[in-house]
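One structure is given below, encoded as structure tokens.
The values are calculated or read from the model by the stated rules, or taken from the named source; none is laboratory data. Keep in mind that what you see is a predicted model, and the values were worked out from it rather than measured. Because the Cβ atoms are built from the backbone with ideal geometry, glycine has one as well, and the counts that use them run over all protein chains shown. Surface areas here come from the heavy atoms of the whole protein model, side chains and all, with no ligands, DNA or RNA. Shrake-Rupley method; radii C 1.70, N 1.55, O 1.52, S 1.80 Å.
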Amino acid sequence: MQPFTVVTGRALPLRRSNVDTDQIIPAEYLKRVTRSGFEDGLFAAWRKDPDFVLNDPAYAGASILIAGPDFGTGSSREHAVWALQDYGFRAVIAPRFGDIFRGNATKGGLVPVEVGAEAGEQLMGIAESSPSAEITVDLIERVVRAGALVVPFDLDDYTRWRLMEGLDDIGLSLRHADEIASFEAVRPAWLPTTSRT
Amino acid sequence: MARTLAEKVWEAHVVRQAAGEPDLLYIDLHLIHEVTSPQAFDGLRLAGRPVRRPDLTIATEDHNVPTADIDRPIADPVSRVQVETLRKNCADFGIRLHPLGDAQQGIVHVIGPQLGLTQPGMTVVCGDSHTSTHGAFGALAFGIGTSEVEHVLATQTLPLQRPKTMSVTVEGDLAAGVSAKDLVLAVIAQIGTGGGQGHVIEYRGAAIRGLSMEGRMTVCNMSIEAGARAGMIAPDDTTFAYLQGKPHAPGDADWDAAVDYWRSLATDDDAAFDREVVIDATQLTPFVTWGTNPGQGVSLDGSVPDPSEYDDPLDRAAAERALAYMDLAPGTAVRDITVDTVFIGSCTNGRIEDLRAAAQVMRGHAVAPGVRALVVPGSVAVARQAEAEGLDAVFTSAGAEWRQAGCSMCLGMNPDKLSPGQRSASTSNRNFEGRQGPGGRTHLVSPAVAAATAVAGHLAAPEDI
Ligand code: SF4
């Protein structure tokens with residue numbers, strides 16, 4: 001995955017709470033078996049409205065999405081992360097994220113930036129009032145910068161390190177194959193297997 | 001130190017613990033379906049990695065499959081490719097699959113428990129958020145994304161940050177006519193769709209102990225709608241009785257040892273939760289949703305709220321948006337809301353007990369003119385059981401459609417969909433915009449309320465018909 005250190009760009013303000021993953025990408029787009037090209041499904045239902053913010057040319061090329069609380073709730077579909085990334089977003093700023101969405105985002109290199117409600121509102125206001133304003137997500141310092149405004153955010157050290165290095169989790173876990181094998185050796189024998197009975 | 005059920009199960013699965021790193025957790029059972037797995041198998045192929053434990057992995061076809069004319073090829077070519085891709089992946093990697101037409105096919109969260117593969121104290125994952133269902137057995141079960149599906153296939157482990165714990169204690173007994181679905185909808189309305197975020201919920205208290213396994217699965221299923229990745233219920237005699245004799249349950253030789261271990265998993269008396277919520281079961285009534293997230297619910301005896309009464313501006317805006325989408329006016333009595341579609345099924349309410357509850361209400365009645373009622377069993381085994389009990393005949397003679405197993409109208413991925421502007425009473429779990437088909441409007445209800453609504457033509461309780 002693409003390493004993430006500092007990203008500066010325009011921010012798209014999505015003033016809605018509880019944006020569930022069914023809205024980020026509807027089920028119809030989940031039938032594909034490939035891993036790319038999901039940008040056409042991003043907010044597919046809402047995009048039909050010409051006034052929807054994604055259709056506003058002033059925000060063309062935005063790389064940061066700012067949303068209301070509880071972004072990415074609902075379905076576990078990682079396609080929601082892929083659709084945001086394929087469209088060009090590198091980070092999402094919101095006061096709270098759905099747990100599964102947040103995990104999926106960090107797997108693929110999309111940075112979930114959880115800020116306080118008040119700071120989220122300030123950043124939303126900046127993006128709404130000046131679409132060309134540049135906002136910076138700085139993972140090294142763990143801050144968001146918008147003009148004079150500096151907003152710190154939390155992300156655990158391990159996830160931050162993985163995102164900054166662009167590391168694949170599977171490779172990291174396979175380094176511990178011996179420990180996995182020792183664990184397996186002492187699992188109780190009565191635990192079920194899926195072998196046909 | 002005193003520990004909770006979730007902490008005990010977590011600690012029994014830690015493969016590796018190191019400061020500053022997430023715990024590496026062993027996964028006992030990995031369930032797979034066609035939608036969230038193709039890119040994971042592709043990733044394995046690209047990296048030249050095998051599936052570490054095909055014998056702890058099982059697959060089924062559920063989201064895309066039609067629930068009528070299942071002996072014909074799947075009509076939608078894109079759905080067909082996805083199902084065929086799963087078949088090829090399972091064949092290539094040696095994974096047991098229950099395809100469309102198989103006697104054990106069904107919704108992934110219905111077949112795990114019915115095969116006895118879901119047991120207390122296990123870790124269970126699936127690329128599907130409603131994996132929380134399996135927590136009803138005292139398993140730690142949660143939904144994962146496709147990257148994590150690939151991770152589990154390759155390593156049988158997941159690196160995870162330890163979640164916080166939360167107890168939801170439901171004291172007292174449920175009144176007659178109030179079901180597990182009503183209970184969980186009321187819980188979500190109280191704690192909110194983000195209320196369980198970052199937590200594993202343990203449901204406790206007399207009302208929970210009094211639920212059947214089916215009811216417990218309904219409650220745990222919807223934990224994710226309260227923002228919690230997992231919900232759990234301590235295993236007890238109800239759990240053990242359900243499991244005994246199931247195909248993959250421990251045999252006679254191991255049974256007593258297994259039960260001893262399972263009993264030891266209950267939360268210690270003096271263990272503390274990070275957050276505690278108490279709910280009075282005796283105050284609960286049948287509950288329905290009026291909006292576009294599962295927390296926007298109200299008693300069936302109530303009315304649609306007025307957004308202007310919300311203090312929080314975001315809640316107010318969300319309620320206004322929801323009412324516009326749902327085409328509802330504030331103050332409308334819930335019972336005055338008419339529907340054109342009723343859906344009984346899904347991993348929330350597609351088990352035998354749910355169908356019995358619906359049939360009991362519908363028996364001897366007719367579906368209201370202009371209403372289409374769909375009854376979809378959660379698995380082929382549930383379908384055969386219902387047919388053996390004559391439930392299918394109750395539904396069809398009332399004028400409802402009796403279908404084959406699958407996710408069906410729970411989500412708009414297969415031929416069973418709402419058309420724009422249609423309104424349903426649905427026993428599924430999500431009333432999101434467009435969830436049951438673009439432009440469709442969903443009211444979440446229990447099986448008994450769904451059946452009564454089908455007969456009345458408007459949202460109704462069994463005693464109304
Ligand atoms: S029934 Fe609905 S919620 Fe359950 S697995 Fe299928 S689509 Fe998901």
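Tabulated data for the structure shown
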item: Out of A:P50, A:P112, A:P13, sole residue that is outside any helix (DSSP H, G or I) and either facing chain B (nearest Cβ under 7 Å) or touching a Pro at 6+ places or on another chain (Cβ under 9 Å) (or both); result: A:P13
item: Positions within segment B:448-465 being open to solvent by 10 Å² or more (accessible area, probe 1.4 Å) and touching a Lys or Arg at 6+ places or on another chain (Cβ under 8 Å), in sequence order; result: B:H458, B:D464
item: Selected residue [under 18 Å from the mean Cα position of the chain (by Cα), among the small types (G, A, S) and within 12 Å of chain A (Cβ to nearest Cβ)] from B:S223, B:S212; result: B:S223
item: Helices (runs of 4 or more DSSP H) wholly inside segment B:7-115 containing at least 2 residues that are surrounded by 21 or more Cβ atoms within 10 Å (Cβ to Cβ) and more than 10 Å from chain A (Cβ to nearest Cβ); result: B:108-114
item: Which numbered condition B:A139 fails, given (1) under 18 Å from the mean Cα position of the chain (by Cα); (2) within 16 Å of the ligand (Cβ to nearest atom); result: (2)
item: Segment B:157-186: number of residues that are open to solvent by 10 Å² or more (accessible area, probe 1.4 Å), in contact with a helix residue (DSSP H, G or I) (Cβ under 8 Å, 6 or more places away or on another chain) and under 30 Å from B:V51 (Cβ atoms); result: 3
item: Segment B:436-446, subset farther than 15 Å from A:D22 by Cα and more than 14 Å from the ligand (Cβ to nearest atom), residue surrounded by the most Cβ atoms within 10 Å (Cβ to Cβ); result: B:V445
item: Any hit, segment B:364-374, residues being within 14 Å of chain A (Cβ to nearest Cβ) and within 16 Å of the ligand (Cβ to nearest atom); result: no
item: Among the candidates B:V168, B:V184, B:V152, residue that is of a type in the set (V, I, T) and within 30 Å of B:G251 (Cα to Cα); result: B:V152
item: Filtered residues of segment B:208-222 (kept if open to solvent by less than 10 Å² (accessible area, probe 1.4 Å), away from the ligand (no atom under 15 Å from the Cβ) and among the hydrophobic types (A, V, I, L, M, F, W, C)); result: B:I208, B:M213
item: Tally, over segment B:228-258, of residues that are within 16 Å of the ligand (Cβ to nearest atom) and either aromatic (F, W, Y) or assigned to a loop (DSSP other than H, G, I, E, B) (or both); result: 2
item: Residue match in segment B:412-423 (condition: part of a helix (DSSP H, G or I), within 12 Å of the ligand (Cβ to nearest atom) and out of contact with any Cys (no Cβ under 8 Å at 6 or more places or on another chain)); result: no
item: Pairs with Cβ under 6 Å, 6+ apart, first in segment B:408-435 and facing chain A (nearest Cβ under 10 Å) and open to solvent by 10 Å² or more (accessible area, probe 1.4 Å), second among the aliphatic types (A, V, I, L, M) and more than 12 Å from the ligand (Cβ to nearest atom); result: B:G434/A:A45
item: Candidate set: segment A:87-109, residues that are over 21 Å from B:H199 (Cβ atoms) and open to solvent by less than 10 Å² (accessible area, probe 1.4 Å); chosen: the one nearest to the other protein chains (Cβ to nearest Cβ); result: A:G109
item: Which numbered condition A:P13 fails, given (1) within 20 Å of A:S132 (Cβ to Cβ); (2) surrounded by fewer than 21 Cβ atoms within 10 Å (Cβ to Cβ); (3) of a type outside the set (S, T, N, Q); result: (2)
item: Residues of segment A:142-189 classified as within 20 Å of A:P112 (Cβ to Cβ), more than 8 Å from chain B (Cβ to nearest Cβ) and outside any helix (DSSP H, G or I), total; result: 15
item: Single residue of B:G194, B:G231 found to be at pLDDT below 95 and open to solvent by less than 20 Å² (accessible area, probe 1.4 Å); result: B:G194
item: Where B:E353 falls short, out of the listed (1) under 26 Å from the mean Cα position of the chain (by Cα); (2) more than 30 Å from B:P113 (Cα to Cα); result: (2)
item: Residue match in segment B:290-305 (condition: away from every other protein chain (no Cβ under 11 Å), outside any loop (DSSP other than H, G, I, E, B) and free of Cβ contacts under 8 Å to residues at least 24 places away in the same chain); result: no
item: Members of segment B:311-341 that are within 12 Å of chain A (Cβ to nearest Cβ) and not in a helix (DSSP H, G or I); result: B:D312
item: Pair list, Cβ < 8 Å and 6+ apart or interchain, from segment B:29-47 residues that are among the charged types (D, E, K, R) to residues that are open to solvent by 10 Å² or more (accessible area, probe 1.4 Å) and within 16 Å of the ligand (Cβ to nearest atom); result: B:E34/B:H63
item: Only listed residue being in contact (Cβ under 8 Å) with a residue 40 or more places away in the chain, away from the ligand (no atom under 16 Å from the Cβ) and within 24 Å of B:I70 (Cα to Cα), chosen from B:A381, B:A398; result: B:A398
item: Condition met for B:R356 (at pLDDT 95 or above, part of a helix (DSSP H, G or I) and touching a His at 6+ places or on another chain (Cβ under 9 Å)); result: no
item: Filter result for the condition that a residue is touching a helix residue (DSSP H, G or I) at 6+ places or on another chain (Cβ under 7 Å), in a helix (DSSP H, G or I) and farther than 21 Å from A:S76 by Cα, over B:A207, B:A189, B:A136, B:A154; result: B:A207
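For every residue, the table says whether it meets (1) among the charged types (D, E, K, R); (2) within 16 Å of B:D62 (Cβ to Cβ); (3) open to solvent by less than 10 Å² (accessible area, probe 1.4 Å).
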site	(1), (2), (3)
B:D336	yes, no, no
B:F343	no, yes, yes
B:L355	no, no, yes
B:G364	no, no, no
B:P369	no, no, no
B:S379	no, yes, yes
B:A386	no, no, yes
B:E389	yes, no, no
B:G406	no, yes, yes
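Residues are listed down the side, and each one gets a yes or a no for (1) in contact (Cβ under 8 Å) with a residue 40 or more places away in the chain; (2) within 14 Å of the ligand (Cβ to nearest atom); (3) of a type outside the set (G, A, S):
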site	(1), (2), (3)
B:N89	yes, no, yes
B:G112	yes, yes, no
B:L115	yes, no, yes
B:M122	yes, no, yes
B:T133	yes, yes, yes
